[in-house]
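First comes the structure, then the notes that go with it.
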Amino acid sequence: MAAAALLTAALPTAPPARAADRPGPPVPARYAHQQLNWQPCAGKPSLECARMTVPRDWHHPDTGADLTLAVSRHRASDPGRRRGVLMMAAGGPGASGLTRPADFAERSPAVGAAYDVVGFDQRGVGSSAPARCQTDAEFQDFYAHDFRDRSPAALRGVLDRSRRLVAGCLRRSGDLVPWLTTEQAVRDMDLFRALLGVRKISYYGPSYATWLGAYYATEFPQRVERAVLDSNLDFSGTWQHAEAGQPRSFQRRFEQDFLPWIARHGATYYEGALAAHRALRGSRLVTVRGGGDHGQYQNGNACVDGLVNAYLLDGAAPEHDVTCAAGPLPAPSGRG
C-alpha cells in the first residue's frame, strides 16, 4: 500500500526582495527603554529568565493595565562562534514555550553553540498573564465525553459545553481575552527582539508556532534573518479554515499508516505546508515520507536535522526541495 502521511518543514531562504516592515503603532518609551533583569530559571540551570512589560493593546497602549510576559534565554555555548539570536515559540495555541530553549539547545548542540536561543510564554499562557476560563473540574468535564457519538443529543452537548467554555473565559478573563491575538503577540515578539539589542532574529516554530512566525515575518520582514516553519498550518486563511482540515489529516493518517500497521502486527497539514511553500518565494520544502510525526526537526531524523542545522548555522538551504525517509515504525511491545 502506498505509504504514509507526509510531514514537512518549510525553509524560507529570504523575505521577498522588495518587502518592507509594515508601519505600526510607535513603541512608547516606557516599554522600549525597559531593561530585562535576567535571573536563573527555576529548575532549568542552563536558562536565564526575565519579565517583560507590554501594553494590553498595542494600538491603544494607554488603555488598560499592562501585561507582564515571561521570557527566557539560553546563551550560545560557544561565544566565539555566536551568530545571533534564534527565537522559538510553542505550538497549541496555548502551550508554554518558556523552558523550551533548554531542550532545544540540548538536542541540537551545534545550533545551541551558535545562537542565543530565546523563548517566551505567549500572552495569556503559562507565566504570561494567563487567561482563566474553567475550574479543573469543568475542564475535565469538557473532555469527558465520547466525541465519536454523532447523535443529536451528543452534538448539542458539544455545543453547550463550548458555549459554557466561552462564557467562562469572558466571566473570568473578559478584560484580557480580546487582546489574546496573534497580531498582538507578534508585536510582543518584536519588543523582545529590540530589548535583546539585535536588529534581526532567526526563528523556529512548529505547528501553531508556524502561524505565529509567518505573521511576524509578514509584519516585520526586514527583521527576520532565517526562519524554520515546522509542520505548517495553512496560515493563508482563517484559523477556522485551518482547523477544518485537521480531521481530514487525522483520517488520512489513520487509513494510510495506522490500519496497515495493525494489519502487519496482528499530514498532518500537508496541504497547508504546500500552500506556504508556494507563497514563500525561495523557500525549500523538506518532506518526510513513510511516517514521521507532527514536528520533524529534533525528532530523531538525521536527514531533517542535518538540513535544518546547515540552514540555521551556515545559511545553506538545499538547492531543491528534499524528501527524507522516515524512521522505522515501532514494533509492538513483546513482539519481534
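Is the range 112-173 rounded, prolate or oblate when judged by the Cα gyration tensor, a ≥ b ≥ c being the square roots of its eigenvalues, rounded requiring a/c under 1.5 and prolate requiring a/b larger than b/c?
Working: a/c = 3.76, a/b = 2.03, b/c = 1.85.
In terms of gyration-tensor shape, prolate.
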Checklist entry - Taking the highest mean first, how do the peptides 68-75, 117-124 order by number of other beta carbon atoms within 10 angstrom per residue? => result 117-124, 68-75
Checklist entry - Considering only 27, 131, 236, whose Cα is most displaced toward the positive end of the charge dipole of the chain, charges sitting on Cβ of Lys, Arg (+1) and Asp, Glu (-1)? => result 27
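Which order do the peptides 141-153, 313-325, 101-113 take when ranked by the mean count of other beta-carbon atoms within 10 Å per residue, highest first?
Numbers: 141-153: 9.6, 313-325: 13.7, 101-113: 19.2.
Sorting 141-153, 313-325, 101-113 by mean packing, highest first, produces 101-113, 313-325, 141-153.
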Next on the checklist: Over the Cα atoms of the chain, each weighted equally, I'd like the Debye log10 I(q)/I(0) at q = 0.09, 0.11, 0.15 Å⁻¹, rounded to two decimals.
Outcome noted: -0.54, -0.80, -1.38
Next on the checklist: I need the phi-derived Karplus couplings for the range 149-157: 6.51 cos²θ - 1.76 cosθ + 1.60, θ = phi - 60°, integer Hz, Gly and Pro marked x.
Outcome noted: 6, 9, 5, x, 5, 5, 5, 4, x
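Determine the dipole magnitude for the chain: charges of +1 sit on the beta-carbon of Lys and Arg, -1 on that of Asp and Glu, nothing else is charged, the reference point is the Cα centre, and the result goes in debye to the nearest 20. Before the final figure, lay out each step's value.
Working: 38 positive and 33 negative charges, 32 e Å.
The dipole of the chain has a size of about 160 debye.
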Item to check | Unit charges at the beta carbon, dipole of the chain: most positive-side option, 202, 39, 326 | outcome: 202
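Of the peptides 207-220, 175-188, how do they stack up when ordered by the mean number of other Cβ atoms within 10 Å, highest first?
Packing order, densest peptide first, comes out as 207-220, 175-188.
Only helical DSSP H runs with n ≥ 4 go in: add -39500 (n - 2.57) per run for the chain, normalise by residue count and round the 222 nm mean residue ellipticity to 500 deg cm²/dmol. Mind dumping the intermediate values first?
Details: 12 runs with 116 residues, N = 336.
Only helices count here, giving -10000 deg cm²/dmol.
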Item to check | Centre separation in Å (Cα based) which lies between the range 84-139 and the range 241-256 | outcome: 26
Checklist entry - By how many nm would the segment from residue 82 to residue 106 grow when fully extended, if each residue of separation counts as 0.36 nm and the alpha-carbon distance is taken off? => result 7.0 nm
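Using a ≥ b ≥ c from the Cα gyration tensor of the range 146-253 (square roots of the eigenvalues), is it rounded, prolate or oblate, where a/c under 1.5 gives rounded and otherwise the larger of a/b and b/c decides, a/b for prolate? Working shown, then result.
Numbers: a/c = 3.74, a/b = 1.66, b/c = 2.26.
Oblate, because a/c is 1.5 or more while a/b does not exceed b/c.
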Item to check | Segment residue 163-residue 60, length gained on full extension (0.36 nm per residue, minus Cα span) | outcome: 34.2 nm
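Rounded to the nearest 0.05, what FRET efficiency do residue 53 and residue 172 give with R0 = 30 Å and r taken as the Cβ-Cβ distance? Could you check?
Working: r = 23 Å, r/R0 = 0.75.
Using R0 = 30 Å, I get an efficiency of 0.85.
Each value in this text was obtained by applying a stated rule to the coordinates, not by laboratory testing. What you are looking at is a predicted structure, and each value in this text was computed from that prediction instead of being measured. Because the Cβ atoms are built from the backbone with ideal geometry, glycine has one as well, and the counts that use them run over all protein chains shown.
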